[in-house]
Amino acid sequence: MKELFKNVVYAGIGAAFLTRDKIEEVRAEMVNKGKLTKDEGKEFVDDLIKKSESARDELELWLTRQVEDRVKQLNLVTSDEVADLRRKIEELQVVINKQGDE
């Protein structure tokens, strides 16, 4: 089961990074060897490109979630949180400066 999972992940990662040129190269090779007709080759390319784009998007989403989870686990501050704190400090400085002027 573990090996099957590894193979699925590796296939997904591989598909995510296939370029159109590489896909076309594989198609041409299969057509030349008679394993696919030209129409089947076109369908093969279109299908593989869709799967590649989908796998890339899923991998990107998964990686984003993993990074976000690790940031939370490590209790790291995000840039949004830092910006929010800076804004609050600036607001407090304005209030303090107004009180000092009175």
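Name the lysines eligible as straight-distance cross-link partners of Lys88: C-alpha to C-alpha under 18 Å, and not fewer than 8 places from it in the same chain.
By straight Cα distance, Lys88 reaches Lys98.
How much FRET efficiency would the formula 1/(1 + (r/R0)^6) give for Glu29 and Val71, where r is the Cβ-Cβ distance and R0 is 41 Å, rounded to 0.05?
Taking R0 as 41 Å, the efficiency between Glu29 and Val71 is 0.40.
Whole-Hz ³J(HN,Hα) for each residue in the stretch 81-97, computed from phi via Karplus 6.51 cos²θ - 1.76 cosθ + 1.60 with θ = phi - 60°, x for glycine and proline: what do you get?
5, 5, 4, 5, 5, 4, 4, 5, 5, 4, 5, 5, 5, 4, 4, 4, 5
Sorting Ile96, Ile49 on the 10 Å Cβ count, fewest up front, what's the list?
Ile96, Ile49
Around Leu36, which amide H atoms from residues at least 5 apart in sequence, or from another chain, sit under 5 Å from its own amide H, with H modelled in the peptide plane?
Under 5 Å from the amide H of Leu36: Val31.
Provide Val26, Val77 in ascending order of the number of other Cβ atoms located within 10 Å of each residue's Cβ, fewest first.
If I rank by nearby Cβ atoms, fewest first, I get Val77, Val26.
In nm, give the distance between the simple-model label positions of Leu63 and Asp46, each being 7 Å from the Cα along the Cα-to-Cβ direction.
A separation of 2.9 nm, rounded to one decimal place.
Each reported figure results from applying straightforward, stated rules to the coordinates on display, with no laboratory input. Source: prediction; values computed, not measured. Cβ sites come from the backbone with ideal geometry, for glycine too, and all protein chains shown count toward neighbours.
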